[in-house]
Structure formats: structure tokens, C-alpha cells
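*Asks:* Got a structure for you, questions after.
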Amino acid sequence: MRHSKFNMRTMCLLAALSGIAVLSAQTPAKPRVQTSAAPEETTVYKPDGKKPVTVIGVPAKKGESKKEVSGKAGTRKAAALDGKCYLALKTNVLYDACALLNLAVEMQVHKKITVELPLTCSLWDLGSEHGVRTVALQPEARWWMGNEAGRGHFVGLHAHVAWFNVKWNDNRYQDVDRPLLGAGLSYGYKLPLSEHWGAEFTLGLGYANMKYNTYYNIDNGALLDTRVRHYWGVTRVGASLVYRF
């Protein structure tokens with residue numbers, strides 16, 4: 001009788017242990033999260049049998065696929081590239097059409113401020129009666145109205161200095177003692193055409209002071225007079241082709 005009770009207790013104990021083993025086997029394992037020494041690299045192991053997702057710089061969230069997380073990383077990278085400083089090379093097509101070769105460099109110095117330095121040069125005549133020989137500089141500081149420098153509307157403050165020898169019809173005009181000097185305000189608009197190319201339109205008004213001699217427009221023409229002129233009016237006009245780096 002005692003032997004039967006002992007066998008009965010042993011069988012109950014074995015049954016209880018078997019039940020615990022079955023429950024343990026049926027309980028799903030919790031997903032493991034392995035984090036590397038670098039905080040920006042995270043590997044997530046999913047319990048559904050899918051491959052782990054590893055993303056550098058963008059931690060994977062619950063339910064996100066590798067494609068979704070990679071897309072976020074690409075968006076952040078593009079935003080970082082868009083935030084680089086504005087640097088452009090340009091030429092004023094209107095001046096080029098008048099045989100006034102010109103080239104300008106513009107670079108960003110503040111979030112909404114750029115500085116442009118254009119150089120205009122012409123060392124030849126258009127004909128026997130007409131010609132504009134000049135070397136001119138017209139630096140300008142610009143404040144952009146939008147959220148990005150180099151795009152949209154802007155206002156500018158420019159100065160100008162120029163050496164000139166202009167012949168037109170019967171007379172020839174040449175600077176004397178000092179170059180032309182002055183300053184002005186301008187307004188413009190930059191229109192992007194592609195990732196790197198754009199068109200820029202600008203108009204400026206201001207003041208210029210010049211001292212020049214007037215000659216007869218012939219070889220070794222006689223001096224007629226010397227004048228000092230104070231000019232108020234258009235000091236800057238342009239339709240430029242722009243290449244942004």
C-alpha cells in the first residue's frame with residue numbers, strides 16, 4: 001500500500017515537471033536588442049524570422065522596415081547638402097552683348113547675406129566712331145528675403161569704381177586724375193533653372209562722380225574741356241546667367 005502511494009506521488013511530480021517544461025517551450029522569446037559601442041549604430045533582432053535591420057546614424061523604430069529607415073537617412077543627408085554655403089559664378093549677358101566682357105563671383109558670408117564681386121573689362125572699339133574701353137569693379141552686399149541665400153528676391157548695396165575711355169560720334173571722353181566713383185541700391189531676383197544653373201535679374205539706382213576730359217573724336221584730337229559731373233540715375237542693370245557650385 002505504501003509502495004502504491006509512493007508511486008502515485010512520483011507520477012504526480014513527474015507530470016507537474018512535464019507541464020512546466022511544455023509551458024516554457026510555448027512561451028515566445030523576447031526580442032533581443034544588441035547595441036554596439038557607438039551609440040549611432042543599432043541592430044534590432046525581430047522574432048518573426050526577418051533579417052535584422054542595421055542603420056548607421058538613424059536608429060530603427062518598432063515596425064519600420066529597412067527601406068523606410070534608409071529613406072529617412074537619405075532625407076537627412078540631402079538636407080545637410082542643401083545647407084552648404086552659397087557660392088556662384090556668373091556673367092551679365094546684357095554687358096556681353098555690348099562687347100563688355102564680365103565675370104562675377106558671389107559667396108555667402110551669413111545666413112541671408114552674400115557678397116558679389118563683378119569685374120567688367122573692354123579694351124577694344126566697336127568701330128571708328130563708337131567704342132567703350134573700360135575696366136570697372138562694382139562690389140555688392142546682398143540681403144536675401146527668403147529662407148535661403150541665392151534664391152528668390154534680394155536687395156543690395158553696391159559701390160563702383162571705373163576707368164574709362166569712351167568715344168561716341170564726334171567726341172571722346174576719358175577719365176582724368178581719378179576714376180569714376182559712386183554707390184547705389186539695387187533690387188533683384190534669382191530664378192533657379194536646375195540644380196546648378198539659374199538666371200538673375202537686377203536693377204540698381206545710385207550716384208556716380210567723375211572727372212573727365214572731352215576730345216574731338218579723331219586721331220590725336222584736340223582737348224575741348226575738362227568737366228566734373230555728378231550723376232544720379234541707373235547705376236546697375238543686369239540679366240545674368242548663374243552657375244551655382
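Values quoted throughout were computed directly from the atomic coordinates according to the rules given, and no laboratory measurement underlies them. Because the structure is predicted, anything quoted here is derived from the model rather than measured. Glycine gets a Cβ as well: all are built from the backbone with ideal geometry, and neighbour counts include every protein chain shown.
*Asks:* Could you give the length gained on full extension between Val105 and Trp163, defined as 0.36 nm per residue of separation minus the Cα-Cα distance, in nm?
*Replies:* Result for the pair: 18.8 nm of gain on full extension.
*Asks:* Then there's this: Could you list the GluC sites (Glu not before Pro) in region 143-228 that lie in coil according to DSSP, counting only those with at most 10 other Cβ atoms within 10 Å of their Cβ?
*Replies:* Listed in order of number, the matching sites are Glu195.
*Asks:* Mind scanning Lys90/Lys112; Lys167/Lys190; Lys111/Lys211 and naming the pairs with a C-alpha gap bigger than 28 Å?
*Replies:* Flagged as over cut-off: Lys167/Lys190; Lys111/Lys211.
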